[in-house]
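The values are calculated or read from the model by the stated rules, or taken from the named source; none is laboratory data. This is a predicted model, so every value here is computed, not measured. Reconstructed Cβ throughout: ideal geometry from the backbone, glycine too, with neighbour counts over all protein chains shown.
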Amino acid sequence: MASSSSSSAIFKTGNTAVITGGASGIGLALAKKCAGYGMKVLVADWNTELLAKVPADVAATYQMDVSKGGGLGGLQGGRCRRTLMVVFLCKINLLALNAGTGAKHSFDSPEGFEKILNVNIFGVVHGITHLLPLIKSSSSKAETETEPSSAIVITGSKQGITNPPGNPAYNASKAAVKSLAEQLSYDLRADHPSVSVHLLVPGWTWTGLAGGQPGGGRDTAAAAGAADGKKKPDAPWWPEDVVEYLEKKMTEKQFWVICPDNEVTEGMDKKRMAWSGGDVINGRPPLSRWREEYKEQAAEFMK
């Protein structure tokens, strides 16, 4: 895979990347970007079928369940750690904690709640607790430099910020992910300033979760539609668009990577977030944006 140059200190030949949920969608697009810069990449995913389709020149692969913290099913599992030691020489320049599930569960499904929280929250927690030491050691020689030598990217969701009604389990999990990312960024600022933290918040992206081909993207022939033949709508971005936007924001040293799409602008996102925060400040009932008595006021605010 041809290499190119990047203005980010993270994306360059010789650096390493570990990407969870990396066998499809945004994770796979990020793996391909890293490989294109000559980086060594380890993709971890639970789906063996998708892992088998990851090209060998893109990444080494490892099958695992991010929700499990111990044994071979966890990030510290024996074979996975040996891969990190032998192939990566115990160095991680980019850790992308991207694995997640978007299943819909409500309060009448405690089992569903538990699954969502285990994958979306503890997948991030396990990644940080088990691999942060390797990231810190990779950056220790560059703590006085102005450019970060290592980065942690955590995939969140706009639903974890604006909290739309209809999927409390997913919304709660992504709200927790936002909090974890904020805490991690704050904690690393003094002792390891060369480790940057970024919260990636995609807009509508054409992945398997949104109706596209699970392993598809802009650069694949299969990406034109979903398994049922449905074509990509105009509104969503391709996974590659999200990754390009991520790289841009990382270069700008931005923690917040709030992606627009072809329908929702950055300005619209900011207003929606401001309205949600205003519920607390202005004493409105929660989720007022979706309540009938506030619809006209919210619509006027959005203008």
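Numerical summary
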read-out: Any chance Tyr170 is in a helix (DSSP H, G or I) and within 28 Å of Asn93 (Cβ to Cβ); value: no
read-out: Condition check for Ser137: more than 18 Å from the chain's Cα centre (by Cα), of a type in the set (Ser, Thr, Tyr) and surrounded by fewer than 19 Cβ atoms within 10 Å (Cβ to Cβ); value: yes
read-out: Matching residues in region 15-73 - criterion: being in a helix (DSSP H, G or I) and either more than 22 Å from Met250 (Cβ to Cβ) or among the charged types (D, E, K, R) (or both); value: Lys32, Lys33, Thr48, Glu49, Leu50, Leu51, Gly71, Leu72, Gly73
read-out: Region 95-140, residues that are basic (Lys, Arg) and at pLDDT below 90; value: Lys104, Lys136
read-out: Candidates Gly102, Gly112, filtered to the one that is of a type in the set (Gly, Ala, Ser) and assigned to a helix (DSSP H, G or I); value: Gly112
read-out: From Val243, Val264, residue being part of a loop (DSSP other than H, G, I, E, B), of a type in the set (Val, Ile, Thr) and surrounded by 13 or more Cβ atoms within 10 Å (Cβ to Cβ); value: Val264
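Conditions (1) in contact with an Asp or Glu (Cβ under 6 Å, 6 or more places away or on another chain); (2) among the small types (Gly, Ala, Ser); (3) touching a residue at least 24 places away in the same chain (Cβ under 8 Å), marked per residue:
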| residue | (1), (2), (3) |
| --- | --- |
| Asp108 | no, no, no |
| Glu111 | no, no, no |
| Ile116 | no, no, yes |
| Ile128 | no, no, yes |
| Pro133 | no, no, no |
| Ile154 | no, no, yes |
| Ser157 | no, yes, yes |
| Pro165 | no, no, yes |
| Val177 | no, no, yes |
